[in-house]
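The values are calculated or read from the model by the stated rules, or taken from the named source; none is laboratory data. As the structure is a computational prediction, the values presented were derived from the model and not from experiment. Note: ideal-geometry Cβ built from the backbone for every residue, glycine included; neighbour counts use all protein chains shown. The accessibility values were calculated without ligands, DNA or RNA, using every heavy atom of the protein model including side chains. Shrake-Rupley method; radii C 1.70, N 1.55, O 1.52, S 1.80 Å.
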Amino acid sequence: MSGRGNDQRKDQSEVRVPIRQLPTGVPGLDEILGGGLPEYSFNIIAGAPGCGKTTLAHQIMFATATPERPALYFTVLGEPAIKMLRYQQQFGFFDHATMAASIRFINLSHLVMEQDLGAVLDAIMKEIETSNAGIVVVDSFRTVVRKALNGLSEMELQGFVQRLALHLTSWQATTFLIGEYVEGELRDNPVFTVADGLFWLYQNVERNSIVRKMQVMKLRGQESVPGMHTFRITDAGLQTFPRTFGLVGQSGQVKGQRRLSTGVSELDELMGGGIPEGDSLLLAGPSGSGKSTLGTQFIAEGLRQGEPGIVAVFEEIPAEYAQRAAMFGFDFDTPQRMASSRSSISVRWTSPSMRRSTRSSTALRRSAASDWSLTRWSASRWRWPPASALTSASRCTA
């Protein structure tokens with residue numbers, strides 16, 4: 001009898017409640033989060049003004065809101081919704097049909113100014129109950145906290161945050177609280193203790209360039225990729241560059257099963273038939289020794305065999321690179337216009353300030369994986385250390 005009871009308890013202990021993962025709509029972010037955003041989670045998006053918090057919240061909101069489970073965006077003493085939308089509609093993720101059917105903006109400024117936190121909580125819960133909202137955003141939640149600190153103790157504030165999280169989870173809403181926090185508040189602010197997820201956005205000056213970075217400091221229930229991840233804001237919205245170093249999404253192809261010609265038959269003979277497929281070859285030497293020329297020949301040979309290529313240039317623009325290749329009899333202009341062909345080439349210029357960032361390598365890796373199963377890469381004139389000049393020519397499987 002006791003043995004059967006132990007077996008039943010063991011079976012019950014092995015039952016796990018599945019957590020559905022929501023797509024964020026932000027390229028690369030699902031990969032950082034380990035597959036997507038945990039449904040019904042209580043999250044904080046923190047960072048200094050101008051780092052992309054509001055844009056990130058909108059992009060996730062437009063990707064997940066539906067007429068059945070709409071999104072509610074509560075504004076608190078921030079910019080008016082009409083002004084916010086005037087800027088957000090410039091991004092590619094903004095969809096007027098979704099906006100009309102699945103997203104509502106609600107201003108809570110008068111409640112925060114005139115009444116207590118209980119009234120604010122009641123107003124939020126009433127709107128959620130009425131609309132059956134699936135996504136809830138409060139911008140800026142720190143404004144609510146500042147107002148509350150004038151008359152509440154830290155324990156009372158923590159109780160409010162806990163009740164808010166409990167109610168929102170009970171109504172099966174995925175929540176984002178946006179705030180202009182500083183890292184010094186991590187230890188003492190009760191909101192970080194209650195949160196299931198904490199996304200911290202930064203923008204720093206590196207070599208006279210602004211570099212945006214994101215860190216997932218906390219994410220309950222699943223494994224995220226630790227560390228800083230570079231991201232950028234374009235006309236399409238946010239795009240992240242995960243620090244996964246190509247360790248996810250492997251193709252399963254084995255390296256070195258065949259050798260690739262360098263384009264120089266004598267060098268191929270010296271190397272036993274060429275470069276092993278999937279390997280990286282580092283060419284080092286002084287200026288004028290022929291490193292870039294050999295990289296160009298490697299790419300040209302791939303095009304001749306019907307293999308697409310990617311060229312990353314750091315110290316000249318793509319047009320100049322193609323002109324220099326033409327001096328050796330290689331036509332790189334025509335293949336660049338054949339994006340859908342296997343005999344195509346992409347020449348990318350990358351800012352020198354981004355050389356040590358994952359953004360460059362991730363962008364090139366995505367280009368290789370987007371359309372081509374086999375790709376030749378050549379990175380031209382990448383100087384490191386400063387006293388030497390080198391070219392990396394490699395063949396990768398995407």
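Here are a few things to note about the model shown:
- Surface exposure of region 55-101, expressed per residue as accessible area with a 1.4 Å probe, stands at 47 Å².
- Less than 5 angstrom separates the built amide H of L22 from those of L37, E39, all sequence-distant by 5 or more or on a different chain.
- Packing here is the average count of other Cβ atoms within 10 Å per residue, and on that basis the peptides 182-189, 99-106, highest first, run 99-106, 182-189.
- Exposure of K83 as accessible area (Å², to 10), given a probe of 1.4 Å and all protein chains: 100 Å²
- Just the protein heavy atoms count here, and of the accessible area of region 29-124 at 1.4 Å, carbon and sulfur take up 54 percent.
- Estimated at the nearest 10 Å², the accessible area of V225 is 30 Å² with a 1.4 Å probe.
- Note that region 156-241 presents 47 Å² accessible area per residue, ligands and nucleic acids not counted, probe 1.4 Å.
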